[in-house]
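Visitor: Have a look at the structure that comes next, please.
The values are calculated or read from the model by the stated rules, or taken from the named source; none is laboratory data. Every value quoted in this text rests on a predicted model; they were computed, and no experiment measured them. All Cβ positions, glycine included, derive from the backbone under ideal geometry; neighbour counts span all protein chains shown.
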Amino acid sequence: MISLLKNASIKSAEDRRQLVAAKNSNIDIENFVDNMETWKTGWSGNIKNAAKKHSEAIEQIDKAIKDLTKVRDALTTSDKHLLAAENKIDDLTIKRLTKNAPSVAERFDQLEK
């Protein structure tokens, strides 16, 4: 009888060890799965943030292109105005300046003589 109790006790202890080992194994698997899910969540967040920053950078580039196009157009218009002003200066003569001012024209004629 003692032998049977001893064998039952040994068997029970062995079963408990196997149960503890199985629980530990399950805990390890759960920890592994949790770690993997945590990593996947972090990775996914990084990808989303990178995609967002990528889109923002493209929008900023588009905005800069529009702004630079406006500056180029303004400079082109400024060049046209400067060219028109230069052409007007080339056409400037005493006769044109005194066209509607006969007394001034007479004065210049006197100065020439």
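Here is a yes/no grid of residues against (1) surrounded by 10 or more Cβ atoms within 10 Å (Cβ to Cβ); (2) at pLDDT below 80:
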{"residue": "Leu82", "(1), (2)": "yes, no"}
{"residue": "Thr93", "(1), (2)": "no, yes"}
{"residue": "Leu97", "(1), (2)": "yes, yes"}
{"residue": "Ala105", "(1), (2)": "yes, yes"}
{"residue": "Lys113", "(1), (2)": "no, yes"}
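Visitor: Would you be able to say whether some residue in segment 25-41 is surrounded by 10 or more Cβ atoms within 10 Å (Cβ to Cβ), outside any helix (DSSP H, G or I) and not charged (D, E, K, R)?
Guide: no
Visitor: Another question about this same structure. Which residue pairs have Cβ atoms closer than 9 Å, lie 6 or more positions apart in sequence or on different chains, and pair a first residue in segment 84-113 that is assigned to a helix (DSSP H, G or I) with a second residue that is of a type in the set (Val, Ile, Thr)?
Guide: Filtered contacts from segment 84-113: Leu97/Val104; Val104/Thr98; Ala105/Ile94; Ala105/Thr98; Glu106/Thr98; Arg107/Thr98; Phe108/Ile94; Phe108/Thr98.
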